[in-house]
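S.K.: Sharing a structure with you now.
All of the numbers you see were taken from the coordinates with simple rules; none came from a lab. Please read all numbers here as calculations on a predicted model, not as lab measurements. We place every Cβ from the backbone using ideal geometry, glycine too, and count neighbours over all the protein chains shown.
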Amino acid sequence: MEIFKKTNYDFIGNMWPFIILSLVLTVAGLVSLWINGGPKYGIDFNGGALMDVNFINRPSADAIRTALRQKISGEIEVQEVGGTQEVLIQTGARDDRALQIVRGDMIATLNSAFNKNASEQKLDINLSPQATLADRLRDPLARASAGLSEDQLQSLTKAITGFRDTPPRSGLISSLDQLSSLPGMTPKILDVIKQECQIGNFAIRSVEIVGPKIGADLRQQAINVVLIALAAMLVYIAFRFEWIYGVAAVIAVFHDTIITIGLFSLFRKQIDLTVIAALLTLVGYSMNDTIVTFDRIRENLKLGVRGSFIDIVNLSINQTLSRTILTSGLTFITAVCLFIWGGQVLSGFSFALVVGIMIGTYSSIFVACPILIFWRNLADGRGASGRPSVSGNSVKAAKPVKTAK
């Protein structure tokens, strides 16, 4: 399918605005990284604790942050999850001992701040696992002659926690009367539950705790994975084409990665394992786009297409333009939808895709291809590969270029 047929755009003649844009973005990103002391790593790489809390009536992020800072030392970040009653709370605790007690400290602090009417004598059913709930109800149910065996008690508590944790409740029961519809629930059992349990304002959906050593190891492994991927692609392209093609493609991918990380720093977005996955995806995506253009350049050289090397490069880009628009455009639309509706958890991943697709698409044309032209000019000992300047009108025939067989 071709959207554009027989186009003749002078991409190389208009490359300088894009090159200047790349330089500006690169410098801005590097300056931001220098000012901020490097990227803003997430819990995966920095260590710390991340808690996903779901509220019945969510307090403001400032109120949650203020309450936690009174009890927990270190940096604390609170992010509201749009369209829900959830918040993501991240602490900057780095000490292993602090990490061991941080979950309890966070729950206790949230309880004292946002469950002020709670009774210390009753069990918070929204925070209790099945085993704790069964232990609490066993003796009261026996005294009330509810007639439950141990197996029936375990089945009942499993049904309660299962009901609580499934959507649309997602960990929160707003009223104990909601349990009346459960199998095996009788008025007598429900009365016992009401006497022993209470409804808290929040539930802990998940807790992630990463120690500082594990975070440092993951960070180093992520860097190694990206570098190994780039080195492997350089070897492949150098073998498949010529070494300068591999160098041009890897420089373009480095360009994409540096700008993407720089934009993460400028917007103060966290880099975690999902972002690394997105970066690796973009490395392969950008490299594939570059290889398609390079392959067309090589084919046109083999066919002996007349014109300067710049003309052949321009022709090759125009011939692959429809394919570039289709693949990049459709992927970009998907990434934008993910960024808009994917939620806070996928924000970094989708942001990397949106930015990377845009940068990776134009870098294949305005970064990788100009490097080939520069090398050709250098190899030929001429100033502009058969032209007095990139936009000049004088064109000489290009010399044959050795290509991989």
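S.K.: Would you calculate the volume per residue, in Å³, of the smallest convex hull containing every Cα atom of the chain?
M.R.: Working: hull volume 74.9 nm³, N = 405.
Hull volume normalised by residue count: 185 Å³.
S.K.: Taking the Cα atoms of the stretch 123-203, what is the range of coordinates along each of the three principal axes, in descending order and whole Å?
M.R.: 32, 22, 20
S.K.: Could you compute the net charge surrounding Gly38? Neighbours are other residues with a C-beta less than 14 Å from the C-beta of Gly38; K and R count +1, D and E count -1.
M.R.: Details: positive: Lys40, Arg219, Arg268, Lys269; negative: none.
Around Gly38, the surrounding residues sum to +4.
S.K.: Another one. With a 10 Å radius around each residue's Cβ, average the other Cβ atoms per peptide and rank 186-194, 313-321, 37-45, highest first. Walk me through the intermediate numbers first.
M.R.: Values: 186-194: 15.9, 313-321: 20.6, 37-45: 18.6.
Ranked from most to least packed, the peptides come out as 313-321, 37-45, 186-194.
S.K.: Okay, next question. Modelling each spin label as a point 7 Å along the Cα-to-Cβ direction, I'd like the Leu30/Lys71 distance in nm, to one decimal.
M.R.: Reported label-point gap for Leu30 and Lys71 is 4.7 nm.
S.K.: Given a cut-off of 22 Å, what percent of all Cα-Cα pairs of the stretch 1-91 lie beyond it?
M.R.: Working: 2410 of 4095 pairs.
When all Cα pairs of the stretch 1-91 are counted, 59 percent exceed 22 Å.
S.K.: Figure the gain on full extension for Ser149 and Arg103 (residue separation times 0.36 nm, minus the Cα-Cα span) and round it to one decimal in nm.
M.R.: Values: separation 46, 0.36 × 46 = 16.56 nm, distance 3.38 nm.
Contour length minus Cα-Cα distance gives 13.2 nm.
S.K.: Sort 195-207, 354-366 for me by packing, meaning the mean count of neighbouring Cβ atoms within 10 Å per residue, highest on top.
M.R.: Values: 195-207: 18.6, 354-366: 23.3.
Going from most to least packed, we get 354-366, 195-207.
S.K.: Just to verify a number: FRET efficiency for Ile19 and Leu378, C-beta to C-beta distance, R0 = 22 Å, to 0.05? Don't skip to the end; give the middle numbers.
M.R.: Working: r = 17 Å, r/R0 = 0.78.
Once the sixth-power term is evaluated, E becomes 0.80.
S.K.: What does the net charge come to around Ile173 if you take all other residues with beta carbon closer than 11 Å to its beta carbon, with K and R at +1 and D and E at -1?
M.R.: Numbers: positive: Arg164, Arg169; negative: Asp124, Asp165, Asp177.
Here the charged neighbours net out to -1.
S.K.: Then there is this: What is the angle, in °, between the Cα long axis of helix 130-143 and the longest principal axis of the Cα atoms in the chain? Nearest 10 is fine, range 0 to 90.
M.R.: With both axes taken from Cα atoms, the answer is about 10 degrees.
S.K.: Take peptides 224-235, 299-310 and line them up by average Cβ neighbours within 10 Å, highest first, as a rough protection proxy.
M.R.: Working: 224-235: 14.2, 299-310: 15.9.
Sorting 224-235, 299-310 by mean packing, highest first, produces 299-310, 224-235.
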